[in-house]
Amino acid sequence: VLACAVLFLTAGVAGLPAQRLEPLVYDIPFPDPASKTFQVAVTVPTAKRASVDLMMAIWSPGFYGLQNYADRVTTFAAKAADGTALEAVKSSPSRWTVTTGGRASFVFTYTVSAPRGSNLGNGVTETGAVLIGPSTYVTLVEPSGTHRPAEVRLTLPSTWKGSMTSLDAAPGGRPNTYVAPDYDVLADAPILAGVDLDTTPFTVAGIRHFWTYLGKAEWAGDRVVAGLTPLLEEHARFWGGLPFKKYVFLNIVTGGGGGSGVEHLNSVAITTGGKEPATPEARFRNAAFLSHEYFHAMNVKRLRPVELGPFDYEHAPVTTGLWVSEGLTSYFGDLLAARSVGSVDDWLAINSRHITDLQTKQPGRAFQTLEQASAQMFERLPADKKVDYYVKGPVAGLVLDAHIRKRTNNRKGMDDVIRLAYQRFSGARGFTAEGFAQAAADAAGFAVKPLLKTLVATTDEVDYAEMLDWFGLRFVTGDPAKAWTLEIRPDVTPAQRANLSALLAHSKR
């Protein structure tokens, strides 16, 4: 679940000292939550310009589909500090223009439709609210490199317990008030608030974490945390530490089955039924799901394709790198779950599912490459003419891992590839397809590019022979329904068992 020009922010320009700009201040009350709407009043500094443009995002990082959030704004108005009405017009599908008359600031008030809270959109009821950044905040249109802070002030109904988000609390101790250094951070930090808000704090690798429910959950937070901690400790071992000072799991309880997630810089918004997994298999699938989302804090939020930052919230990005950001996140999410809380059987089962889905449910693999699947993510293509990078991506990761481990006798693997890519490209840089391929070759110590090109830039069928041989595996024979199900060979050698054990051992730096 995971990011080009308008509002990615830097500290200063050409050696000049950074100037702290006046913040955008958002006041958000909930006077009538039963209406399934909420109103925002944002105080906008103008630098005394005669007119300013405001905008709302058309897409959300982590969810690669056009949303046109401004369509959900049902009313809007602007007024000066003295209450004088100002002219405000919707000048484009995602923008408003306000005529200020040279005033230093004004208040732009707008109503947002919020029919159903989820990790993809706003929702307000009598008992709670879900605020998703890109669909909540109207912001100034400013040049790339502008570093304008923001403050959010929530005024909650008296019966609500409070709110939770990964944003920093505002200085001064005012409750339910948060600050962000810029729009990117603001938009990338959902907020939950309500009656049934329950938070369990815990610490991993010296970093404070929070498991928060919004809604009535049957699976107690302390039990969730007890099972989650070993998984997150494995992630910390893998990376050699964690890059944030606070991380929040924001769980929106829907009452239904299954779950979905959208990653954010220092949090993840997930929807679940709030029930404890009933079987060991379901428990591992849940761990792999959370592992995927947590891995995103590094891969896509900090290590990203160059096209996914600086963000341009008014134009859909085009990148060939989502097979890395999503596909390899799935691969490592599954792998780190197996290394920490799973078993060989769990690992076999989840990789069998990926391979089976690719070979039996993805006919588009013969028409679209992984890189094309990424570049065409916003396009609506027939199902039989596209391949899912969530499905083929982890398969490519497995095949590449086996190839590197075989050539280096387990001295190197995909662990080293993603770590070197993070070292080279995380932060403000971003990676290109060629840059990632070179990092893979440098990490492995040999020419891995030919296989990489075959897997991600052609529609050739995946060759599993090397992977099967290295780990001592085969596909189940004799049962057509299990034709792509992995199992350990009956004649597996000690060396092959050792290779699989090396893959599934705790991470080492």
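The values are calculated or read from the model by the stated rules, or taken from the named source; none is laboratory data. Not measured: the values here are computed from a predicted model. As a convention, Cβ positions derive from the backbone with ideal geometry for all residues, glycine included, and neighbour counts pool all protein chains shown. Note: areas computed on protein heavy atoms with side chains; ligands, DNA, RNA excluded. Shrake-Rupley method; radii C 1.70, N 1.55, O 1.52, S 1.80 Å.
Just to be sure I understand: if I project the alpha-carbon convex hull of the range 270-421 onto a plane and average over all orientations, what area do I get in nm²?
Orientation-averaged projected area of the Cα hull: 10.6 nm².
So in the range 143-253, what percent of DSSP beta bridges are antiparallel if you round to the nearest 5?
Around 70 percent of the beta bridges assigned by DSSP in the range 143-253 are antiparallel ones.
Only loop residues by DSSP count here, and only those with at most 15 other Cβ atoms within 10 Å; note down the GluC sites (Glu not before Pro) in the range 317-422 that meet that.
Glu379
How large is the accessible surface per residue of the chain, computed with a 1.4 Å probe and reported in Å² as a whole number?
Computed with neighbouring chains in place, this is 40 Å² per residue.
For the range 185-190, in order, what is each residue's ³J(HN,Hα) by Karplus, 6.51 cos²θ - 1.76 cosθ + 1.60 with θ = phi - 60°, in whole Hz (x at glycine and Pro)?
5, 4, 5, 9, 9, x
Counting other Cβ atoms within 10 Å, which trypsin sites (Lys or Arg not before Pro) in the range 169-248 have at most 16 and lie in a DSSP loop?
Lys216, Lys245
Shape call for the range 41-166 from the C-alpha gyration tensor, a ≥ b ≥ c root eigenvalues: rounded (a/c under 1.5), prolate (a/b greater than b/c) or oblate?
Note, shape of the range 41-166 comes out prolate.
May I have the extent of the alpha carbons of the range 180-315 along their three principal axes, as whole Å values ordered from largest to smallest?
The principal-axis extents, from largest down, are 42, 34, 25 Å.
What Kirkwood hydrodynamic radius do you get for the range 339-464 when you take the inverse of the mean 1/r over all pairs of distinct Cα atoms, in Å?
15.6 Å
What does DSSP give for the range 228-283 in terms of the percent of beta bridges that are antiparallel, rounded to the nearest 5?
About 45 percent, rounded to the nearest 5.
Using just the helices of the chain, give the 222 nm mean residue ellipticity in deg cm²/dmol: DSSP H runs with n ≥ 4 each add -39,500 (n - 2.57), and the total is spread over all residues, rounded to 500.
-9000 deg cm²/dmol
Once the dipole of the chain is set up with Lys and Arg at +1 and Asp and Glu at -1 on Cβ about the Cα centre, which of Ala502, Ala226, Gly128 lies farthest towards its positive end?
Farthest along the dipole direction, towards plus: Ala502.
Tell me which residues come under 5 Å, amide H to amide H, from Ser51 once H is placed; ignore anything under 5 positions away on its chain.
Thr100
Check each of the GluC sites (Glu not before Pro) in the range 183-264 and keep only those in coil by DSSP with at most 11 other C-beta atoms within 10 angstrom; list them in order.
Glu218
Taking every DSSP beta bridge that has both residues in the chain, what percent is antiparallel when rounded to the nearest 5?
75 percent
Name the shape class, rounded, prolate or oblate, that the alpha-carbon gyration tensor gives for the range 169-243, where a ≥ b ≥ c are the square roots of its eigenvalues, rounded holds for a/c under 1.5, and otherwise prolate holds if a/b is larger than b/c and oblate otherwise.
Since a/c reaches 1.5 but b/c is at least a/b, the shape of the range 169-243 is classed as oblate.
How large is ³J(HN,Hα) for each residue in the range 115-126, as worked out from phi by the Karplus curve 6.51 cos²θ - 1.76 cosθ + 1.60 (θ = phi - 60°), to whole Hz, x for Gly and Pro?
x, 8, x, 8, 6, 10, x, 6, x, 9, 9, 4
Can you give me the long-range amide H partners of Ser91? Hydrogens built in the peptide plane at 1.01 Å from N, cutoff under 5 Å, separation of 5 or more residues or another chain.
For Ser91, whose amide H was placed from the backbone, the distant partners under 5 Å are Trp96, Thr97.
Can you give me the C-alpha center-to-center distance between the range 170-190 and the range 90-154, rounded to a whole angstrom?
For the range 170-190 versus the range 90-154, the Cα centre distance is 14 Å.
From the list [x] 27.8, 89; [y] 24.0, 83; [z] 25.0, 77, can you say which value of Rg and Dmax of the Cα atoms in Å was derived from the structure given?
Label of the calculated value: [y].
Calculate the translational D of the range 102-179 in whole µm² s⁻¹ from Stokes-Einstein, where the hydrodynamic radius comes from the Kirkwood formula applied to all Cα pairs, the temperature is 10 °C and the viscosity 1.306 mPa s.
D = 107 µm²/s.
Looking at the calculated P(r) for the range 401-464, what percent of the C-alpha pair distances fall above 19 Å?
Tail fraction, whole percent: 32.
Set the bar at 23 Å for Cα to Cα. Now go through Lys301/Lys385; Lys386/Lys453; Lys385/Lys453; Lys412/Lys453; Lys246/Lys392; Lys301/Lys386 and name every pair that lies beyond it.
Pairs exceeding the cut-off: Lys301/Lys385; Lys246/Lys392; Lys301/Lys386.
Rounded, prolate or oblate: which one fits the range 142-193, using the alpha carbon gyration tensor with axes a ≥ b ≥ c (rounded when a/c is under 1.5, else prolate when a/b beats b/c, else oblate)?
Prolate, since a/c reaches 1.5 and a/b exceeds b/c.
With the full set of protein chains in place, find how many percent of the accessible area of the chain is carbon and sulfur; take the probe as 1.4 Å.
Taking all protein chains in place, the chain shows 54 percent carbon and sulfur surface.
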